[in-house]
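Each reported figure results from applying straightforward, stated rules to the coordinates on display, with no laboratory input. Keep in mind that what you see is a predicted model, and the values were worked out from it rather than measured. When we count neighbours, we look across all protein chains shown, and the Cβ atoms used for this are built from the backbone with ideal geometry, even at glycine.
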Ligand SMILES: C[S@@+](CC[C@H](N)C(=O)[O-])C[C@H]1O[C@@H](n2cnc3c(N)ncnc32)[C@H](O)[C@@H]1O
């Protein structure tokens, strides 16, 4: 049986509203990321933190619409990944969206070593907040981040991610100094401190649609 991406998204939203809270990106933030994808027109998207497939279906559909080639969704929890794989199939997006099961650092290395991903046009970070910087630095090491790569990071305002914001906003000199002094921990991770990111903060609503600050 096949449904449309829109019908599957509507069904997940309905389930989340009526049966069990789901930590999906939701429609409000979803619209913002959709706009980013429509503007950037990425060929290759990597998402870290796939959960049950909501964002992979919502954004994978947009990537297909703008002529993109692949949407790779990394998820470490095999049960979530199994649900996600089924829903992606149901949404008719299994030709473009691939679920990769395992912890992000191992899976990024796997994508690099198997040459499945050489460069990333858009990286969507939506997993464990303290791992955003580490995993971005892994992607930098693997040469996956190139001029023009767009990073989309969820929840950097609430609950917040000062370490990630400090990293992407630092100058190459600041990054090198922090790496040397150990302030930016995990020297073995490395990264490419010469990369300069332009950063833009988008204030928005929480995933349930409740404005930030109401919790
Ligand atoms: C907020 S949910 C992702 C929601 C999803 N992007 C969406 O909007 O539908 C975070 C997910 O990240 C996964 N996760 C956490 N740490 C991870 C890691 N190191 N590697 C891969 N997945 C991870 C969790 O299992 C969880 O499913």
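Structural remarks
- Taking the helices alone, the chain has a mean residue ellipticity at 222 nm of -13500 deg cm²/dmol, built from -39,500 (n - 2.57) per DSSP H run of at least 4 residues and averaged over all its residues.
- Helix 5-18 and the long axis of the chain differ in direction by around 90°, with both axes built from C-alpha atoms.
- Paramagnetic reach from residue 203 (point 7 Å along Cα→Cβ, amide N under 17 Å) across region 1-36: 29
- Global dimensions of the chain from alpha-carbon coordinates: Rg and Dmax equal 17.0, 56 Å.
- Across region 28-63, the residues whose backbone nitrogen lies under 17 Å from the label position 7 Å along the beta-carbon direction of residue 21 are 52.
- Counting only alpha carbon atoms, the long axis of helix 54-65 and the longest principal axis of the chain meet at about 90°.
- Antiparallel bridges, percent of DSSP beta bridges restricted to the chain (to nearest 5): 5
- The calculated FRET efficiency for the pair residue 169 and residue 116, based on their C-beta separation and a Förster distance of 45 Å, comes to about 0.90.
- The mean sequence separation of alpha-carbon pairs under 8 Å and at least six residues apart, normalised by the residue count of region 61-111, gives a relative contact order of 44 percent.
- Centre separation in Å (Cα based) which lies between region 130-157 and region 5-63: 19
- Mean separation of Cα contacts under 8 Å (6+ apart) over length of the chain, as relative contact order %: 20
- Choice from 199, 73, 84 showing the highest fluctuation, given a GNM over the chain with Cα pairs closer than 10 Å: 199
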